[in-house]
Amino acid sequence: RKEEALKAVADAGSEAQEGEVKKEDGDAETKGEDGDAKKEGEVKEEEVKKEEPKDEEMKQEVKEEEEEKEEAEEPMPVAELTEEEKKQNFRKKAVSDLTTWNLSSQIANFSLPIAEDGFDDVRFTWTKKAQAEEHFKAWLLRQKILCRMEDLTPGDWFKQRLADWQKVLAEWHLTHTEWNDPVKQAMRKAEAEHAKAKAEEEKKAAAAAVAAASAAEKKEGEGEGDKKEAEGEKKDGEEPEVEAKPEAEPKKEEAEKAEEKPTEPAEEDKKDFDIFTIENILDIGDGEPLFSQFTFEDWALLSLRLELSLMAHAFKKDAGDPDRVGIHESHLPFYYNKYFAKSFNVRYYGVEGNTDLIKLVKDSVSVKESGVLATELAEDFAFDTLVRRAEEDRRSRQHRLNAGDETARLNFNKPPEASSYDAPAHHGGYRGAGGGPRVGGGGYAPVHGSTLPPPPAPGQQFHSYGGGSKGAPYAGGGKGAPYAGGGKGAPYAG
């Protein structure tokens, strides 16, 4: 019984121990479950917070969709085209599908398709055949004006006329230089003063002769009066002796003739004449040329008249296509370089564009409504016609300037005068140290700081810097000296 009692006590102790362990385990489980529940609650709260912006985004999207639906319900605007846009059958692209070079080189081969080309049928769907042909012809003519002829070559007619011009211009420049030579000017002035003094002496002698003749006449009249009084005292009946009257002395008549001798016209009268009626532009009186007062700008404009007129005529001959009616003003630099082998820059003439430049010589060339260069001169125009027009233009400008109109003043970018302007003449051209640039063949186009001297004003001495080098500016087209020409070493002439 004692053992059984001890065993029962032991069993009861073990059961109590197991109960405590179970209790602790139950408490731990309870605590763990509470922690897990807490964590799950925190996670749910975070998920709710994340879902809230999404809901707002959804609401915003729904709102935008509703607004879009409202906008979609509004009527669509109707496109309004201009009259110019209605005429276009094709949309204009920023980049052409055909280069300008290809168009200009193949434009002569363009045509509408016809049955003779091998087509089974040719249908005109958009417009009728007659309208299509008219539209194509107008387009083709316009393109032949706007497209340049890249392979154009100056012909023999142009080369001959240019050579003739260079020769004549060189002679004119030489005459201009000789007339304005200070030594010769002094000689002419001395001769004029001598002739004036001689005329004054002759006039005084004539006046003295007239006075002497009048005194003699008066004295003779008094002598005859005394004689008549003496004869009245004679006896009546006597016949008076008839005395032969002496012949009148011709001194008075000679004096009057001498007084009527024509005098030299005044200087102002010499300048007041019709430019277009004089026969010889190299002698308008006393050997003075019509261009004696020309300055740098006048020579430049004279050459510009010739170059543009000559180029306008030559292009029609050299193009060989009657549809190419002339040079478009936008292509002047291109064709100028083709014909004269020199640069063309309107800024040298103090203007901004080609049309402004042409206005400077509007008496000879102009621009038509189509933009084509046209000349008022015939193909075989005389070169001295250009001089007459240049002189008329110079006088008109001078009159305006004298009246206070400063808009008439030309603002050419004249190259600076050489530092040794009166240096002896030499061959080889004035090209500066190192020979200077070799571009072009004359013309008004100084490049890279050229220092070619301008034509001298009346009364200045000029020494030629001509002969031998290309690139002489301001006119001509030949080799050598500045401003124009043809002869070796000729002043302003190439």
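Quick one: grab the alpha carbon gyration tensor of region 280-337, order the square roots of its eigenvalues as a ≥ b ≥ c, and give me rounded if a/c is under 1.5, else prolate or oblate depending on whether a/b is larger than b/c.
On the way: a/c = 5.31, a/b = 2.43, b/c = 2.19.
Prolate shape, in that a/c is at least 1.5 and a/b is the bigger ratio.
Pull out a ≥ b ≥ c, the square roots of the eigenvalues of the alpha-carbon gyration tensor of region 55-192, then state rounded if a/c is under 1.5, prolate if not and a/b is larger than b/c, and oblate in the remaining case.
Here region 55-192 falls in the oblate category.
Given a cut-off of 22 Å, name the pairs among Lys198/Lys218; Lys317/Lys338; Lys87/Lys129; Lys137/Lys362 whose C-alpha atoms lie farther apart than that in the structure shown. Please list the in-between numbers first.
Values: Lys198/Lys218 30 Å; Lys317/Lys338 14 Å; Lys87/Lys129 17 Å; Lys137/Lys362 31 Å.
Check vs 22 Å cut-off fails for Lys198/Lys218; Lys137/Lys362.
How large is ³J(HN,Hα), in whole Hz, for each residue of region 80-88 in order, when computed from phi with the Karplus curve 6.51 cos²θ - 1.76 cosθ + 1.60 and θ = phi - 60°, using x for Gly and Pro?
Whole-Hz 3J(HN,Hα) from phi for region 80-88: 10, 9, 6, 4, 5, 5, 5, 7, 7.
Using a simple spin-label model with points 7 Å from Cα along the Cα→Cβ vector, what separation in nm is obtained for Thr125 and Ser105?
That separation, rounded to one decimal, is 3.3 nm.
Ordering His328, His173, His399 from largest to smallest accessible area (1.4 angstrom probe), what's the sequence? Spell out each step's value before the answer.
Details: His328 25, His173 0, His399 125 Å².
From most accessible down to least: His399, His328, His173.
Calculate one ³J(HN,Hα) per residue across region 182-195 by plugging θ = phi - 60° into the Karplus curve 6.51 cos²θ - 1.76 cosθ + 1.60, and present them in order as whole Hz with x for glycine and proline.
Couplings: x, 5, 5, 5, 5, 5, 5, 5, 5, 5, 5, 5, 5, 5 Hz.
In whole percent, and with a 1.4 Å probe on the protein chains, what portion of the accessible area of region 126-221 is carbon and sulfur? Provide the component values of the computation, followed by the final result.
Details: 3790 of 6510 Å².
C and S atoms contribute 58 percent here.
Any chance you could run the full-extension gain for Thr295 through Ser214? It's 0.36 nm times the residue separation minus the Cα-Cα distance, nm to one decimal.
Gain on stretching Thr295 to Ser214: 23.7 nm.
Rounded to the nearest 0.05, what FRET efficiency do Leu401 and Ala186 have when you use their Cβ-Cβ distance and R0 = 30 Å? Write down the numbers at each step before the final one.
Numbers: r = 28 Å, r/R0 = 0.95.
Using R0 = 30 Å, I get an efficiency of 0.60.
Assuming a ≥ b ≥ c are the square roots of the Cα gyration tensor eigenvalues, decide whether region 59-140 counts as rounded (a/c under 1.5), prolate (otherwise, with a/b larger than b/c) or oblate.
prolate
R0 = 22 Å: FRET efficiency of Glu369 with Asp323, Cβ-based, nearest 0.05?
On the way: r = 17 Å, r/R0 = 0.79.
It comes out at approximately 0.80.
So for each of 75-85, 348-358 I average, over its residues, the number of other beta carbons within 10 Å; can you give me the resulting order with the highest mean first? Numbers along the way, then the final one.
Working: 75-85: 6.8, 348-358: 16.7.
So the peptides 75-85, 348-358, ranked by packing, come out 348-358, 75-85.
What list of ³J(HN,Hα) couplings, whole Hz, do you get for region 98-107 from phi and the Karplus terms 6.51, -1.76, 1.60, once you set θ to phi - 60° and write x for glycine and proline?
Result, rounded to whole Hz: 9, 5, 4, 4, 5, 5, 5, 7, 10, 4.
The values are calculated or read from the model by the stated rules, or taken from the named source; none is laboratory data. Computed from a predicted model, the values in this text were never measured in an experiment. As a convention, Cβ positions derive from the backbone with ideal geometry for all residues, glycine included, and neighbour counts pool all protein chains shown. Side chains are part of the model used for accessible areas, which takes the heavy atoms of the whole protein and leaves out ligands, DNA and RNA. Shrake-Rupley method; radii C 1.70, N 1.55, O 1.52, S 1.80 Å.
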